[in-house]
Amino acid sequence: MEVTLKTAQQLRLTEEEFELIKQKLGRVPNFNELCAFSGMWSEHCSYKNSIKWLKTLPREGGRMLVKAGEENAGLMDIGDGLGVVFKIESHNHPSAIEPFQGAATGVGGIHRDIFTMGARPIASLNSLRFGKLEEDKTQHLLAGVVHGIGHYGNCFGVPTVGGEIYFDQCYHTNPLVNAMSVGIVKAGETVSATAEGIGNPVMFVGSATGKDGIGGASFASADITAESAQDLPAVQVGDPFQEKKLLEACLEVIQTGAVVGMQDMGAAGIICSTSEMSAKGQSGMRIDLDKVPTRQKNMKAWELLLSESQERMLLVAKKGREAEVQAVFDKWDLPCSVIGEVTGDGILNFYMHGELEASLPAHDLVLGGGAPQYDREYKEPAYFEKVKQFDASAIPVPADLKAVAEQLIKLPSIASKRWIYTQYDSMVGTVNTSTNEPTDAPLVLVKGTTKGLAVTTDCNSRYVYADPYKGAMIAVSEAARNIVCSGGQPLGVTNCLNFGNPYDPEVYYQFVHAIKGMGEACRKFDTPVTGGNVSFYNQNPDGPVNPTPTIGMVGLLENINDKMTLDFKNEGDLIYLLGVLNNDISCSEYLHSIRGVKYSAAPYFNIDEEYALQQKLAVLIRDKKIHSAHDLSEGGLFVTLCEAGFNRELGFSIQTQSGLRKDAFLYGEAQSRVLVTVPVTKAKEFEAAMGGFPCEKIGVVSGGEVTVDGDFWGTIDWWKDEYDNAIENYLSKEEAGSALSSI
Amino acid sequence: MKFGVVVFPGSNCDRDMYDALKYDLGQNVSMLWHKDRDLSKFNTEDCIILPGGFSYGDYLRCGAIARFSPMMQSVIEFANAGGKVFGVCNGFQILCESHLLPGGLLRNANQQFVCKNVYITNDTEEVFKIPVAHGEGRYYADEKILDGLEANNQVIFYYCDEEGQITEKANPNGAMRNIAGICNASRNVFGMMPHPERACSAALGNTDGRAIITSLLMTAQLVS
């Protein structure tokens, strides 16, 4: 088959890139080689339109043990000879087409990134975005994604401990499915994704290879259109049982000491793992593709190179110790074959039945090597004008504030996600302490130590849409605030950057400014970005999704007994609001969903005030001055109060503050505020500890009644019912059942 | 007494059970591999545990393949000789598939996996808060078997509400007669869907599972 520019374009390479390939090779590539470049130079693998800006993020320091991007996931020191390995990744495009398998393989892929480094995953989280829940399409996607995450995670046996879900029209065609995994590794037992030692065997372990997922990486690098359903073969199929065995076998094989390097096969399959491991080890490989175990007959070289069949690993072993590796995989009944060897010339030579099918310099294929890096243009989005025109004084304060709260508590983005999280095994592994004692960020035990990890994902994309710079700072700040509220010290960040088409200058503006804001906040909180994932092209003919730079953050508690929970403890405890009171309704769920204002500025935020708040709160928790801490987020103060009351069915009586709009006080989303409770006997001590820090006593915990300015607003049980059942009420039983049975 | 926890490929609560027995209950416990057969170091005072998880992937009926594993042949012999055998969740499913316990576990009535704390009660009317996590936990048997189980006090746990009332609302999966766990007629084989090993550590904020494990397995014989 003759390779032309047209072939390259069909493989989603540009004319400029095709020229560059010819220049690198000094010849016209054959079809197999062109396919390899198509996969490796796709946005998904090469980060070609993002790497310039990603490099501006703080990517080292703190407790980091490897630099960002050098391994499959971030690795940070937590003391006692242990490290935490964590990463978040998107599976948006597959999930838009086939929600069940798309989400399932997203979970499988992120766990592989963790255990390929030698760590045992102990917790997973997910960050999901869908269109409006009223829509049948959304209900279908939601049911499929939730079932897929549960199917894979429950069987694999890692608890899903937390996450976030928002519903907004902008995600109608392009849902977002971001999955995060957190694992623990012993120092000295980490494995690097490298190929070293000439003559060392290259081994292929795990599932046999089929034609599923071919071109997945380049599929994820294009907008979603009406024709996207035809890309269905680009969606992979997952087998969590196989992955569970692969996990145990990989962790066991590391103990033999026979492993030189290991990398999972995710996007762009064999070509990606062979080229990245070789480039890292400054080596090459000779691979016999006909030795790769297949589950379909007559697979061609390019299909074998690009297949994204799941649950596979590439492993480089020490020469002469193949039998030890083989024995472990035999024990777990997993295929394991030597498919080639490490060479010293930096070239990847792929043979099939003795014929050379592709010959490629590893370095030229990879990010940081020969893959292109672009400087995209950007310009301020036109809609910013509408954002600037917002004037809160034109929005009258509603007469019936209680009616607003009744609507707010039932909004799908605010209401209980019970229908979703009860379908995930959140307790397997016996590390999740937040099941019985709720915390702002889920807390998991590090077994064998007194330590705990606080883990969270956060991003309010409406704020980022209104102001990408400030919105991204808020996402980082809220993640850190959740960790501090739970008694943890923020350690580091993994990010999942979900944006529209990078060739759209307005989208790229959002991207650039979100990165700048994220970088500033991460420097402020000393939480380096350890790695992550960029997902562009979350766009369709109606436009892009809101810019959604999801922050996954991990924090450390040296002693789990020093944790802080979010729920009210006793009737009579005093309720204080820490942070600056602000007359702000901007960008709130209240303003957007109930008052119908689409454009408004990001909420009030000052990063120095945020930092001071978190420092203060950490001291209050350390000195045991408070009974509970819960941060204010979507829905504002009233929703926060309810959430704090639900666990023990305690109510509250509060007074609004003079000089503030009542709707801003109750439902505004000004940042950097935390609700705490204090026993009456310790009130003086608490107030003394606060010094001059902004703090208002706003009320008292009640036995169950909810009272605002002396008006009875019902009981906490009533509010809890509204909150708990809202999402179930959207999904009538028949509909949810039929959506699932069709899977 | 000693405990042995069988590890099938796809078991994922094996370590949790091991940790609960060893660290929370201070017991002597070891792991057993599904391809082995040797139970010679266990006597009838000891207990073999079949943990939760997805043995062999459970792509067929849950537990249907595990039943044929080499270790299960030895476990069946061990049970028939009077040794204690305890199955939790997938372990309960395996015990039913192995015919060591009557009945079977069907897909949850609402067709969804469910993970949450539930309450269960026994014939002494104690109430325990214990987590469930399963997609196929709906206990089913014919009326005659159910009558027999109840007549012989072989239902060891019923799903109930916080006050101990056995109600339809408290039933998380549609199990017949709210049955959460049963034992065999000779009271040496026990199976239950809820996970007591997930409620043994003080750090997790729930230790109700300890009493279940000690009263079921560590008393000489369950009093009928």
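The values are calculated or read from the model by the stated rules, or taken from the named source; none is laboratory data. Values in this document were obtained by computation on a predicted structure and should not be read as measured data. Ideal geometry is used to build each Cβ from the backbone, glycine not excepted, and the neighbour counts take in all protein chains shown.
Which one of B:Ala199, B:Ala211, B:Ala175 is under 25 Å from B:Tyr18 (Cα atoms), away from chain A (no Cβ under 14 Å) and among the aliphatic types (A, V, I, L, M)? Let's see the steps before the verdict.
On the way: B:Ala199 fails: away from chain A (no Cβ under 14 Å); B:Ala175 fails: under 25 Å from B:Tyr18 (Cα atoms).
Testing whether each residue is under 25 Å from B:Tyr18 (Cα atoms), away from chain A (no Cβ under 14 Å) and among the aliphatic types (A, V, I, L, M) leaves just B:Ala211.
Assigned to a helix (DSSP H, G or I), under 30 Å from A:Gln282 (Cα atoms) and touching a residue at least 40 places away in the same chain (Cβ under 8 Å), is that true of A:Val338? Walk me through how you get there before you give the answer.
Working: assigned to a helix (DSSP H, G or I): no; under 30 Å from A:Gln282 (Cα atoms): yes; touching a residue at least 40 places away in the same chain (Cβ under 8 Å): yes.
Against the criterion (assigned to a helix (DSSP H, G or I), under 30 Å from A:Gln282 (Cα atoms) and touching a residue at least 40 places away in the same chain (Cβ under 8 Å)), A:Val338 does not qualify.
For the condition small (Gly, Ala, Ser) and under 20 Å from B:Cys115 (Cα atoms), what is the one hit in B:Gly10, B:Gly4, B:Gly26? Can you show your working first?
Details: B:Gly4 fails: under 20 Å from B:Cys115 (Cα atoms); B:Gly26 fails: under 20 Å from B:Cys115 (Cα atoms).
Residue meeting the stated conditions: B:Gly10.
Among what's in the range A:17-53 and is within 23 Å of A:Ser535 (Cβ to Cβ) and of a type in the set (Asp, Glu), pick the residue that is surrounded by the fewest Cβ atoms within 10 Å (Cβ to Cβ).
Within the range A:17-53, the subset within 23 Å of A:Ser535 (Cβ to Cβ) is A:17, A:35-53.
So of that shortlist, the ones also of a type in the set (Asp, Glu) come out as A:17, A:43.
Numbers: A:Glu17: 20, A:Glu43: 22.
Restricting to residues being within 23 Å of A:Ser535 (Cβ to Cβ) and of a type in the set (Asp, Glu), the top hit is A:Glu17.
Checking A:Val674 against (1) more than 15 Å from A:Val708 (Cβ to Cβ); (2) surrounded by fewer than 20 Cβ atoms within 10 Å (Cβ to Cβ): exactly one of these is not met. Which one?
(2)
When the range A:237-250 is examined, which residues are found to be within 12 Å of chain B (Cβ to nearest Cβ) and not small (Gly, Ala, Ser)? It would help to see each step written out before you state the result.
So the first thing to find is which residues in the range A:237-250 are within 12 Å of chain B (Cβ to nearest Cβ), and the list is A:238-249.
Answer for the range A:237-250, where residues must be within 12 Å of chain B (Cβ to nearest Cβ) and not small (Gly, Ala, Ser): A:Asp239, A:Pro240, A:Phe241, A:Gln242, A:Glu243, A:Lys244, A:Lys245, A:Leu246, A:Leu247, A:Glu248.
What tally of residues in the range B:33-55 results from selecting those that are surrounded by fewer than 23 Cβ atoms within 10 Å (Cβ to Cβ) and away from chain A (no Cβ under 14 Å)?
10
Of the residues A:His172, A:His147, only one is surrounded by fewer than 24 Cβ atoms within 10 Å (Cβ to Cβ) and within 14 Å of chain B (Cβ to nearest Cβ); which?
Numbers: A:His172 fails: within 14 Å of chain B (Cβ to nearest Cβ).
Of A:His172, A:His147, the one residue that is surrounded by fewer than 24 Cβ atoms within 10 Å (Cβ to Cβ) and within 14 Å of chain B (Cβ to nearest Cβ) is A:His147.
If a residue has to be part of a helix (DSSP H, G or I) and either aliphatic (A, V, I, L, M) or more than 19 Å from A:Gln10 (Cβ to Cβ) (or both) to count, how many in the range A:25-68 make the cut? Spell out how you get there, then give the answer.
So in the range A:25-68, the residues part of a helix (DSSP H, G or I) come out as A:25, A:31-40, A:43-46, A:51-54.
Now drop any that are not either aliphatic (A, V, I, L, M) or more than 19 Å from A:Gln10 (Cβ to Cβ) (or both), which leaves A:25, A:34, A:36, A:40, A:51-54.
Qualifying residue count for the region: 8.
Which of the residues spanning the range A:622-647 are under 25 Å from the mean Cα position of the chain (by Cα) and not in a helix (DSSP H, G or I)? Even if it seems obvious, please write down each step before you answer.
Of the range A:622-647, the ones under 25 Å from the mean Cα position of the chain (by Cα) are A:629-636, A:639-640, A:643.
A:Ala629, A:His630, A:Asp631, A:Leu632, A:Ser633, A:Glu634, A:Gly635, listed by residue number.
Do you know which residues across the range B:120-170 are under 20 Å from the mean Cα position of the chain (by Cα) and small (Gly, Ala, Ser)?
Within the range B:120-170, B:Ala133, B:Gly135, B:Gly137, B:Ala141, B:Gly148, B:Ala170 meet the criteria.
Counting only residues that are assigned to a strand (DSSP E or B) and within 14 Å of the chain's Cα centre (by Cα), which one in the range A:446-461 is nearest to A:Met518 (Cα to Cα)? Before you say what the answer is, go through the steps one by one.
Filtering the range A:446-461 down to residues assigned to a strand (DSSP E or B) leaves A:452-458.
Now narrow it down to the ones that are within 14 Å of the chain's Cα centre (by Cα): A:455-458.
Numbers: A:Val455: 18, A:Thr456: 16, A:Thr457: 14, A:Asp458: 12 Å.
Restricting to residues being assigned to a strand (DSSP E or B) and within 14 Å of the chain's Cα centre (by Cα), the top hit is A:Asp458.
For A:Gly320, only one of the following conditions fails: (1) more than 20 Å from A:Ala258 (Cβ to Cβ); (2) small (Gly, Ala, Ser); (3) not in a strand (DSSP E or B). What is its number?
(1)
Could you pull out the residue among B:Leu204, B:Leu216 that is buried (at least 21 other Cβ atoms within 10 Å of the Cβ), closer than 28 Å to B:Tyr18 by Cα, of a type in the set (A, V, I, L, M, F, W, C) and within 13 Å of another protein chain (Cβ to nearest Cβ)? Walk me through how you get there before you give the answer.
On the way: B:Leu216 fails: within 13 Å of another protein chain (Cβ to nearest Cβ).
None of the other options fit; the residue is B:Leu204.
Please count how many residues of the range A:389-426 are assigned to a helix (DSSP H, G or I), within 14 Å of another protein chain (Cβ to nearest Cβ) and crowded, with 18+ Cβ neighbours inside 10 Å. Please lay out each step first, then the result.
Initially, the range A:389-426 is screened for residues assigned to a helix (DSSP H, G or I), giving A:392-394, A:401-408, A:418-421.
Narrowing the set further to residues that are within 14 Å of another protein chain (Cβ to nearest Cβ) leaves A:418-421.
In the following step, the residues that additionally are crowded, with 18+ Cβ neighbours inside 10 Å were identified as A:419-421.
Going through the range A:389-426 one residue at a time, the tally reaches 3.
Which condition does A:Lys470 not pass, out of (1) in a loop (DSSP other than H, G, I, E, B); (2) in contact (Cβ under 8 Å) with a residue 60 or more places away in the chain, if it passes all the others?
(1)
When the range B:20-31 is examined, which residues are found to be within 14 Å of chain A (Cβ to nearest Cβ) and either surrounded by 24 or more Cβ atoms within 10 Å (Cβ to Cβ) or free of Cβ contacts under 8 Å to residues at least 12 places away in the same chain (or both)?
Restricting attention to the range B:20-31, the residues satisfying the condition of being within 14 Å of chain A (Cβ to nearest Cβ) are B:20-25, B:31.
Matches in the range B:20-31: B:Ala20, B:Lys22.
Can A:Gly500 be described as touching a residue at least 12 places away in the same chain (Cβ under 8 Å), surrounded by 24 or more Cβ atoms within 10 Å (Cβ to Cβ) and part of a strand (DSSP E or B)?
Against the criterion (touching a residue at least 12 places away in the same chain (Cβ under 8 Å), surrounded by 24 or more Cβ atoms within 10 Å (Cβ to Cβ) and part of a strand (DSSP E or B)), A:Gly500 does not qualify.
Would you check if B:Gly82 is surrounded by fewer than 23 Cβ atoms within 10 Å (Cβ to Cβ) and on the phi > 0 side of the Ramachandran plot? Steps first, please.
Numbers: surrounded by fewer than 23 Cβ atoms within 10 Å (Cβ to Cβ): yes; on the phi > 0 side of the Ramachandran plot: yes.
When the stated conditions are applied, B:Gly82 passes them.
If you check B:Ile76 against the conditions, is it over 14 Å from the mean Cα position of the chain (by Cα), among the β-branched types (Val, Ile, Thr) and within 14 Å of another protein chain (Cβ to nearest Cβ)? Show your work before the answer.
Values: over 14 Å from the mean Cα position of the chain (by Cα): yes; among the β-branched types (Val, Ile, Thr): yes; within 14 Å of another protein chain (Cβ to nearest Cβ): no.
Against the criterion (over 14 Å from the mean Cα position of the chain (by Cα), among the β-branched types (Val, Ile, Thr) and within 14 Å of another protein chain (Cβ to nearest Cβ)), B:Ile76 does not qualify.
Looking at the range A:677-693, is at least one residue in contact with a Pro (Cβ under 8 Å, 6 or more places away or on another chain), over 26 Å from A:Ala521 (Cα atoms) and either aliphatic (A, V, I, L, M) or touching a residue at least 40 places away in the same chain (Cβ under 8 Å) (or both)?
Filtering the range A:677-693 down to residues in contact with a Pro (Cβ under 8 Å, 6 or more places away or on another chain) leaves none.
No, the range A:677-693 has no match at all.
Pick from A:Val191, A:Val146: which is under 19 Å from A:Glu252 (Cβ atoms) and of a type in the set (Val, Ile, Thr)?
Values: A:Val146 fails: under 19 Å from A:Glu252 (Cβ atoms).
Only one candidate qualifies: A:Val191.
Tell me which residues, restricted to the range A:413-463, are small (Gly, Ala, Ser) and under 19 Å from A:Val185 (Cβ atoms). Can you show your working first?
Within the range A:413-463, the subset small (Gly, Ala, Ser) is A:413, A:415-416, A:426, A:429, A:434, A:441, A:448, A:452, A:454, A:461.
Within the range A:413-463, A:Gly429, A:Gly448, A:Gly452, A:Ala454 meet the criteria.
Can you tell me which residues in the range B:178-196 are closer than 15 Å to B:Leu105 by Cα, away from chain A (no Cβ under 14 Å) and of a type outside the set (Gly, Ala, Ser)? Please lay out each step first, then the result.
Restricting attention to the range B:178-196, the residues satisfying the condition of being closer than 15 Å to B:Leu105 by Cα are B:178-183, B:190-194.
This time we only want the ones that are away from chain A (no Cβ under 14 Å), so: B:178-183, B:190-192.
Listed by number, the residues that qualify are B:Asn178, B:Ile179, B:Ile182, B:Cys183, B:Phe190, B:Met192.
A:Gly429: within 14 Å of another protein chain (Cβ to nearest Cβ), in a loop (DSSP other than H, G, I, E, B) and surrounded by 18 or more Cβ atoms within 10 Å (Cβ to Cβ), yes or no?
Values: within 14 Å of another protein chain (Cβ to nearest Cβ): yes; in a loop (DSSP other than H, G, I, E, B): yes; surrounded by 18 or more Cβ atoms within 10 Å (Cβ to Cβ): yes.
Judged against the criteria, A:Gly429 is a match.
Identify, by number, the condition in (1) surrounded by fewer than 24 Cβ atoms within 10 Å (Cβ to Cβ); (2) on the phi < 0 side of the Ramachandran plot that A:Gln101 doesn't meet.
It fails just one condition, (1).
Is there a residue being assigned to a loop (DSSP other than H, G, I, E, B) and either within 14 Å of chain B (Cβ to nearest Cβ) or at pLDDT 95 or above (or both) anywhere in the range A:348-361? Outline the logic, then answer.
Initial filter on the range A:348-361 (assigned to a loop (DSSP other than H, G, I, E, B)): A:353-354.
Then drop every residue that is not either within 14 Å of chain B (Cβ to nearest Cβ) or at pLDDT 95 or above (or both), which leaves none.
Scanning the range A:348-361, I find no residue that is assigned to a loop (DSSP other than H, G, I, E, B) and either within 14 Å of chain B (Cβ to nearest Cβ) or at pLDDT 95 or above (or both), so the answer is no.
Residues in the range A:543-559: is at least one among the charged types (D, E, K, R), modelled with pLDDT of 95 or more, under 30 Å from A:His627 (Cα atoms) and buried (at least 24 other Cβ atoms within 10 Å of the Cβ)? Break it down into steps so the answer makes sense when it comes.
Of all residues in the range A:543-559, those among the charged types (D, E, K, R) come to A:558.
Restricting the remaining residues to those that are modelled with pLDDT of 95 or more gives A:558.
Pick out the ones that are also under 30 Å from A:His627 (Cα atoms) and you get A:558.
Subsequent filtering for residues that are buried (at least 24 other Cβ atoms within 10 Å of the Cβ) retains none.
No, the conditions are met nowhere in the range A:543-559.
Of all the residues that make up the range B:83-136, how many are polar (S, T, N, Q) and at the interface with chain A (Cβ under 10 Å from one of its Cβ atoms)? I'd like the intermediate steps shown before the answer.
We begin by selecting, within the range B:83-136, every residue polar (S, T, N, Q); these are B:90, B:93, B:98, B:108, B:110-112, B:117, B:121-122, B:124.
Filter again for at the interface with chain A (Cβ under 10 Å from one of its Cβ atoms), leaving B:110-112, B:117.
Looking only at that region, the number is 4.
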